[in-house]
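Okay, so here's the structure we're looking at.
We did not get these values from a lab; they are worked out from the coordinates using the rules stated. Nothing here was measured: the structure is a model prediction, and the numbers come from that model. So basically every Cβ, Gly included, is an ideal-geometry build from the backbone, and we count neighbours across all protein chains shown.
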Amino acid sequence: MDEDLKPEKVYARALDPIHIGAGGYRLGRADNTIVREPSTDVPKIPGTSIAGVIREFYTIHLAEKKCEGKSDKEKRRCAEEKAKSIFGDENKKGILRFYDGQIIFFPVSSIQGTVWITTKELLKYWFGKEIEIPENENRVYTIKGDPKEPLNLGWLLFEVESPKNGEVKLPKEIKGWIKEAVIVPEKLFSPIINDNLEVRTSVRIDSETGTAAEGALFTYEAIPRGTIFGFEIAEDKQSKDENQKIAKKILKAISPYFEYLGVGGMATRGFGRLELAVKHSSRGTRDVKP
């Protein structure tokens, strides 16, 4: 495939729990559930959520940097007009395509501390590394750190081995984000994640009494702090030359906003912040943090 046609791979670390609400209820331990991949039941960040916050953050950036000397209302209108050429509007499509954010590494508590789990399929897709390991339900394979056996991941107990075809070299940006990581069987990835999601309890406050409203207790799920995501951004190659490689420019501009404003719901309760890093497929791995 032409390198210029490949999407930008972006990595993100959750600095806070992430809650992207599914907009409904399901049987289980939480009232307000998060969005999941229908085929695997693994939580994700929808591409629409990523596109929406990136557009808003870039509009804020343009208002601050490219529309000086105007009133706040005029700055906003100016920035929105500039953003339309990239993100589109009701009359024309944008030049960027945003894909769902997938969990690459998920943190799980164990008696040996926090261990991040992944699968060989995820390593192949995101890092181009093929791992030859048998599909053994009682065994995990170390790719970073040196966890001792037996290793518990939640309520499951595993034997620990190393892959036979060499060490997995992680991109430098995310290498410092995780200390110990193991490959788990594909069929157990989703159950382990769903058993180790963060669940919080809240109440609605009665505005008249200032105390908890009767019968207003509710719980909600969140992807825990420390989770490593990957998502991709592709550019429309039919766009004008001056817009080529705009994804890199936008990511660098909006990265600080993700670290302070975040994505998803419950932002006023300490949810949503992400730290970004991007891998440029045609020019190696680069950091986009400011």
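Among the listed pairs Lys44/Lys248; Lys6/Lys120; Lys75/Lys248; Lys65/Lys179; Lys66/Lys93; Lys164/Lys248, a Cα-Cα separation exceeding 32 Å is found for Lys65/Lys179; Lys164/Lys248. For Lys175, a cut-off of 16 angstrom between C-alpha atoms picks up these lysines, skipping any fewer than 8 places away in its own chain: Lys9, Lys129, Lys144, Lys279, Lys289. Taking packing as the residue-averaged number of other Cβ atoms within 10 angstrom, the listed peptides 64-76, 124-136 run from highest to lowest as 124-136, 64-76.
Quick check on segment 107-195: of the DSSP beta bridges with both residues there, what percent are antiparallel, nearest 5%? Antiparallel bridges: around 60 percent, rounded to the nearest 5. Rg over Rh for the chain works out to 1.01, using Cα positions for both radii and the Kirkwood form for Rh.
Extension gain for the segment Ser39 to Arg76, taken as residue separation times 0.36 nm less the Cα-Cα distance, is 9.3 nm to one decimal.
The trypsin sites (Lys or Arg not before Pro) of segment 158-217 that DSSP puts in a loop, and whose beta carbon has at most 12 other beta carbons within 10 Å, are Lys164, Lys169. Listing Tyr99, Tyr257 from fewest to most neighbouring C-beta atoms within 10 Å gives Tyr99, Tyr257. Taking the helices alone, the chain has a mean residue ellipticity at 222 nm of -7500 deg cm²/dmol, built from -39,500 (n - 2.57) per DSSP H run of at least 4 residues and averaged over all its residues. Expressed in whole Å with the largest first, what are the equivalent ellipsoid semi-axes of segment 107-195 derived from the C-alpha gyration tensor as the square root of 5 times each eigenvalue? They are 18, 15, 13 Å, listed largest first. Applying the Karplus relation 6.51 cos²θ - 1.76 cosθ + 1.60 with θ = phi - 60° to segment 69-79 yields 3J(HN,Hα) values of x, 10, 5, 4, 5, 5, 4, 5, 5, 4, 5 Hz, where x marks Gly and Pro.
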